[in-house]
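Novice: Quick one: this structure, given as structure tokens, is what I'll be asking you about.
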Amino acid sequence: MRKNRIALIVTAAGLSTRFGGEKKEISLLPGLQIPAITALLETFVHTFNFSHYVVTVPSADEGAFKEAIFSSKILSNEDFSRKLFFVQGGATRQESVFNGLKFLERDAPDFVLIHDGARPWVSSQIIRNVIDSTEEFLAVAPGIPSVDTQKTVSQDGFIHTHLKRETVVNIQTPQGFDFGKIISAHEKSRGKNFTDDTAIFAQYFGKVKIVPGDVKNKKITYREDLMGEKTLRVGNGYDLHRLVPQRKLVLGGLEIPHEKGCLAHSDGDVLIHAILDALLGACAAGDIGEFFPPSDPKWKDAVSAEMLRGLWASLSEKGWVLENLDCVISAESPKILPLREKIRESLSSIMEVPVEKIFLKGKTAEGCGEIGAGEAISATAICLISRKA
């Protein structure tokens with residue numbers, strides 16, 4: 001069991017100018033739908049029992065930060081709340097960190113981790129690596145190998161030094177330090193400009209140990225940085241209806257001339273019903289019977305195209321994008337091939353997606369079973385949807 005007391009400082013006092021003015025630290029993360037500051041604090045709390053959690057913020061935004069942080073069940077408990085402190089940020093990151101360090105000085109911890117509030121994807125592994133190495137080396141930062149060849153440039157715009165890529169790393173946070181040394185280094189650096197705390201420590205106390213970072217531990221600078229890797233989800237749906245006289249046959253939102261139609265509570269669009277189930281399944285959101293129960297009079301003779309339009313609009317608002325939709329209709333009649341392009345165009349219009357993302361095939365049952373006897377029709381749909389994580 002560790003005897004050292006370790007505190008955490010999270011810097012979140014910047015103006016977020018390049019992000020568009022809105023505070024990036026309290027912006028929602030796609031896929032998680034929680035604020036960035038909340039996500040990173042949950043990771044730190046899950047990983048280690050810090051003595052203090054100090055967040056540097058502009059005083060005007062403290063209320064918004066509290067609301068974002070305490071919206072989390074993990075962070076709304078009493079143990080965390082009594083160790084969370086908000087400190088007025090400075091005009092620069094360097095000043096904000098110094099303010100956080102001075103706040104901790106009266107109850108000085110042994111070590112401190114300093115983390116960018118705009119790095120919400122930090123992992124428990126990085127945090128543990130930094131803590132373990134800080135206790136050994138006194139100053140630690142995670143770094144990842146540079147994938148680009150780095151150069152230094154002179155004031156006249158020409159390359160000055162050709163750096164060896166194998167000796168260059170991109171520095172990340174959290175950075176860990178012996179508390180007494182890093183606050184002393186900050187005090188000595190007052191009036192000088194440094195871009196990160198490793199430079200301040202190295203200026204007055206010497207070497208900083210590098211531990212492995214992670215390419216996923218990126219910093220949000222521009223709004224586009226919120227868009228991470230795609231989450232891909234596959235769904236499949238199936239539906240079958242009996243064909244009876246004196247009912248309209250509707251397929252993919254189109255009324256098809258035929259002597260029989262589908263017996264159903266709604267308009268019986270067997271193709272759209274299969275698509276609905278595929279989309280709901282891909283999102284793990286339920287099935288068509290839960291969303292549109294046949295026992296509910298509301299859906300009596302409902303237009304399936306409108307059901308699809310409404311559901312897909314809702315999923316689109318949550319960030320889901322259709323990559324492709326592949327469907328099969330099994331019927332002895334009508335023949336699907338002559339209808340295929342019109343049905344594809346209809347589905348494209350309903351979902352407001354390019355027709356190239358939708359395909360349809362027709363199959364017969366070769367005279368077998370209810371479908372082969374012309375007494376039933378079925379449809380299968382497989383979809384691939386994506387959302388930025």
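Novice: Of the candidates Trp312, Trp320, Trp299, which one comes out as most mobile in a Gaussian network treatment of the chain with C-alpha springs shorter than 10 Å?
Specialist: Sorting by GNM fluctuation, first place goes to Trp299.
Novice: Taking the 0 to 90 degree range and rounding to the nearest ten, how far is the long axis of helix 124-137 tilted relative to the main principal axis of the chain, both from C-alpha atoms?
Specialist: Helix 124-137 and the main axis of the chain meet at about 10 degrees.
Novice: What residues qualify as long-range amide H neighbours of Lys361, i.e. H under 5 Å apart, gap of 5 or more or another chain, H built at 1.01 Å from N?
Specialist: Answer set, sorted by chain and number: Cys327, Val328, Ile329.
Novice: Compare the Cα positions of Val328, Ala365, Leu279 along the charge dipole of the range 230-388 (+1 at Cβ of Lys, Arg; -1 at Cβ of Asp, Glu; about the Cα centre) and return the one farthest towards the positive end.
Specialist: Sorting the options by dipole projection puts first Leu279.
Novice: Taking the Cα centre as origin and putting +1 on Lys and Arg beta-carbons and -1 on Asp and Glu beta-carbons, what dipole magnitude results for the chain, to the nearest 20 debye?
Specialist: Numbers: 47 positive and 49 negative charges, 238 e Å.
With only Lys, Arg, Asp and Glu charged at Cβ, the dipole is about 1140 debye.
Novice: Another question, if that's okay. Identify all lysines with a Cα-Cα distance to Lys188 below 19 Å; exclude those on the same chain that are fewer than 8 residues away in sequence.
Specialist: Result set, ordered by chain and number: Lys102, Lys207.
Novice: Continuing with the same structure: Under 13 Å from a point placed 7 Å out from the Cα of Leu232 along the Cα-to-Cβ direction: which residues of the range 312-346 have their backbone N that close?
Specialist: Hits in the range 312-346 for Leu232 at 13 Å: 323-324.
Novice: For the range 214-219, in order, what is each residue's ³J(HN,Hα) by Karplus, 6.51 cos²θ - 1.76 cosθ + 1.60 with θ = phi - 60°, in whole Hz (x at glycine and Pro)?
Specialist: Rounded to whole hertz, the list is 8, 4, 6, 7, 8, 9.
Novice: Now, a different point. In nanometres, what is the gap between the two model label sites at Arg106 and Ala64, each 7 Å from Cα along Cα-to-Cβ?
Specialist: Going from the Arg106 label point to the Ala64 one covers 2.8 nm.
Novice: Lys335 to Val147: FRET efficiency via 1/(1 + (r/R0)^6), r the Cβ-Cβ distance, R0 45 Å, to the nearest 0.05?
Specialist: So the FRET efficiency works out to roughly 0.25.
Novice: What percent do you get for the relative contact order of the range 47-161 when only Cα pairs under 8 Å and 6+ apart count?
Specialist: Details: 76 pairs, mean separation 24.8, N = 115.
For the range 47-161, the relative contact order is 22 percent.
Novice: Quick one: how many lysine pairs in the range 230-388 have C-alpha atoms under 15 angstrom apart, if they're 8 or more apart or on different chains?
Specialist: Summing the qualifying lysine pairs gives 10.
Novice: Note the full-extension length gain between Lys207 and Lys248 as 0.36 nm times their separation in residues minus their Cα-Cα distance, in nm to one decimal.
Specialist: Taking 0.36 nm per residue and subtracting the Cα distance, the gain is 6.8 nm.
Novice: Grab the other residues whose beta carbon is less than 15 angstrom from that of Ser124, score K and R as +1, D and E as -1, and report the net.
Specialist: 0
Novice: Using only alpha carbon pairs under 8 Å that are at least six residues apart, calculate the relative contact order of the range 6-226 and give it in whole percent.
Specialist: Normalised by residue count, the contact order of the range 6-226 is 25 percent.
Novice: Let me ask another. To test your reading of the geometry: what angle, between 0 and 90 degrees and rounded to tens, separates the Cα axis of helix 304-317 from the longest principal axis of the chain?
Specialist: Tilt of helix 304-317: around 10 degrees.
Novice: Next question, about the same structure. Contour minus end-to-end for Arg165 and Ser316, with contour as 0.36 nm per residue of separation and end-to-end as the Cα-Cα distance?
Specialist: Value of the extension gain: 50.1 nm.
Novice: Sticking with this one: Provide the net charge surrounding Leu163, with neighbours chosen by a C-beta distance below 12 Å and charges set as Lys +1, Arg +1, Asp -1, Glu -1.
Specialist: After counting each charged neighbour, the total is +1.
Novice: Put +1 on the Cβ of every Lys and Arg and -1 on every Asp and Glu Cβ in the range 6-226; which of Leu84, Val208, Ala64 then has its Cα farthest towards the positive end of the dipole?
Specialist: Val208
Novice: Got the relative contact order for the chain handy, in percent, Cα pairs under 8 Å and 6 or more residues apart?
Specialist: Here the relative contact order equals 15 percent.
Novice: Can I ask one more? Taking the Cα centre of the range 6-226 as origin and charging only Cβ (+1 Lys, Arg; -1 Asp, Glu), how large is the dipole, in debye to the nearest 20? Mind showing how you got there, number by number?
Specialist: On the way: 25 positive and 26 negative charges, 76 e Å.
Roughly 360 debye for the range 6-226.
Novice: Could you tell me the calculated FRET efficiency between Ser184 and Glu224, based on Cβ-Cβ distance and R0 = 25 angstrom, to the nearest 0.05?
Specialist: On the way: r = 39 Å, r/R0 = 1.56.
The value I calculate is 0.05.
Novice: Related question: Quick one: angle between helix 340-351 and the longest Cα principal axis of the chain, in degrees between 0 and 90, rounded to 10, please.
Specialist: Tilt relative to the chain: about 40 degrees.
Novice: Through the Karplus equation 6.51 cos²θ - 1.76 cosθ + 1.60, θ set to phi - 60°, convert the phi angles of the range 171-186 into ³J(HN,Hα) values in whole Hz; use x for Gly and Pro.
Specialist: Once θ is set to phi - 60°, the couplings for the range 171-186 become 7, 10, 10, x, 9, x, 9, 4, 4, x, 6, 6, 6, 5, 5, 5 Hz.
Only the coordinates and a few stated rules stand behind these numbers; no lab work does. From a predicted model like this one, the values you see are computed outputs, not experimental measurements. Ideal geometry is used to build each Cβ from the backbone, glycine not excepted, and the neighbour counts take in all protein chains shown.
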